[in-house]
1. Tell me, in nm to one decimal, what length is gained between Arg220 and His262 on full extension, where the rule is 0.36 nm per residue of separation less the Cα-Cα distance?
2. Give me the extension gain from Leu339 to Ser65: residue separation times 0.36 nm, minus the current Cα-Cα distance, reported in nm with one decimal.
3. Rank these for me by crowding, Thr152, Thr60, Thr424, Thr197, going from fewest to most other beta carbons within 10 Å.
4. Say each of Met525 and Asp479 gets a label point 7 Å from the Cα, pointing the same way as Cα to Cβ; how far apart are those two points in nm?
5. At a Förster radius of 45 Å, what calculated FRET efficiency corresponds to the Cβ-Cβ distance of Asn511 and Lys390, to the nearest 0.05?
6. Cβ neighbours within 10 Å, averaged per peptide: list 111-122, 220-231 in order, most packed at the top.
7. Could you give each residue of segment 523-529 its phi-based ³J(HN,Hα) in whole Hz, using Karplus coefficients 6.51, -1.76, 1.60 with θ = phi - 60°, and x for Gly or Pro?
8. For a footprinting-style exposure proxy, rank Ser253, Ser190, Ser137 by other Cβ within 10 Å, fewest first.
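Rule-based calculations on the coordinates, nothing more; no lab input. All of these numbers come straight from a predicted model, not from anything done at the bench. For neighbour counting, all protein chains shown are included, and Cβ atoms are generated from backbone atoms with ideal geometry for every residue, glycine included.
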Amino acid sequence: MTCQLQKDGMLEVVSCHEQHNHEFAPSPMKHMLRSERKIAPAQKAIANDVEKSGISIKQTIDLLSMQVGGHENLGFLDYDYKNHVHRERRKALKKGDARAVMEYCHNMQLEDPSYFYLVQVDDDGLILNIFWADARSIVDYGHFGDVLCFHTTYRTNQYDRPFAPFIGVNHHKQTVIFGVALLYDETIESFKWLFKTFLSAMSGNQPKTILTDQSTAMARAIAEVFVESNHRLCVWNIYQNAAKKLSHVFHSSKQFAIDLGHCMYDYEDEDEWLVAWNNMLKKYNLTNNKWLCGIFDLKEKWAMVYGRHMFTADMKTTQRSESMNNVLKKYLKSKYNLLPFLEHYSRVLADRRRQELQADFKMRQTTLVLQLDVEILRHVVKLYTPKMFKMFQDEYMKMGDCTISRLVNLILSLNTKLNIGKKTQEHLVKYEASTTNVQCSCMKFSFVGILCVHALKVLDKKNIKILPTHYILKRWTQDAKVGSIKNYHGVDIKSNAQESLGKRYSHLCHNFREVSILVAESEIMYDYAKRCSDTLLKDLQEMRKKCYSFSMEDQTEVHDEVVLRDVLQVDNGCQSHEA
């Protein structure tokens, strides 16, 4: 085509050759042309039903192609179907549902000023990702957020979205929840958004260690966001995958499971571990096994020999998250829409917190029995929670199986007789008298937070009867939760709103009960108390009306704002991010 510019500024076509400026698509490629690609309604219906059953997108495409005799006969390409699935998932979370969630979170924040939530939406105002955490969760993270367990196995069938709780362990070794998310998908982008949001809620405080299952997308996001944290992989997940990938080896030799377990947990020296790993591969003819080669490349993230120096609060697996998912399944049914889902999750959270309250009560009301009446146990029983004291006492009681074999330049070599087969294993312990520092090659204090039997043996040998304070981690003590935690605004979180309500109610009930007992004895005191209480009740009712009126005005303004913005922002001082 040739055009010529005219005096009036217009272009005039002076010549045109009606020929294609590209080659025609050959027949084998015809189905790839945009004009030839369309997902038929029947295919959409079949595909949607198949996907609801949990089959992956790739498997669904393969199934559809088999029905029509090959991919070229489908009428669409793989990414056409992927785009269709993603559009349907976004539509599933309707705007009305999204608005209800926003109002729910806003109302929670009215009750709990430190309640944090953030919603990511797309260009159409539909929810992609949601994260929320109440004040108690933020406080718990402040006390116990040194180790974070993250797992996304459980899905909500209503929207087919991963439910992702951030899990930790408290001073009773109970599971605590630091926050939760509903994700759109499990891509790097979604994980990065979630991890950054989580850190915002927790005032930027990064965990020492984050424990996850094996996921390339998750690992890349963690490396970018949790730059100060150690990333460890769940060894149980590795073991389960091994049982699937190497089932023929497990079935042919029971010893293989034992040898693999030793490589996962037992070695303290890297060179010895490498020798044992290579010997295992040769012994079972697995030198060229692709799966084992793959996990060998990740050995620093799962083999204990590479992780003994990292604090994990005695967690080596994500089974706490999986156990939490099993609990959630009892409460959170697939039939629920998103708003009831959030409400039922709150019940799960309340149930976990009741368990902690019960453990606190039992700790304060009972006295533990010492297996030996010795000073160091009398000392730590007043400090540790019952669960942690039992762990410490169990270590102490194993000292009889330890013997000090030699002492060279302040380094003591201990022979430990293990319970399994009475096998003898040597550990090296370094002791510094000036600081009472004691370091063992097993490094139990580094990754668990209590001293091992080997270190205790040396302290006992050196006549140290009181546990040095630098070996008492506050997070394992009865006073673990003493101290204030700041929210994302930098303000001290005093207590959860519901807890405050309960405390106020209990306190006033006690006071008025005492008043009732006192005035019932005298007609004069009764008349006086009745006049005072009638006046007080009237004043409080008037005060409540005024407070309620102000609250309704605030909520009306917020409601109008949500409708006008069509859930493109959230009302917790943080704007949502568009996809």
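1. Taking 0.36 nm per residue and subtracting the Cα distance, the gain is 12.2 nm.
2. Result: 94.9 nm gained on full extension.
3. Thr424, Thr60, Thr152, Thr197
4. Here the answer is 4.0 nm between the modelled labels.
5. On the way: r = 40 Å, r/R0 = 0.88.
Once rounded, the FRET efficiency stands at 0.70.
6. Final packing ranking: 111-122, 220-231.
7. Those phi angles translate into 5, 5, 5, 4, 4, 5, 5 Hz.
8. Working: Ser253 13, Ser190 23, Ser137 26.
Ordered from fewest to most neighbouring Cβ atoms within 10 Å, Ser253, Ser190, Ser137 come out as Ser253, Ser190, Ser137.
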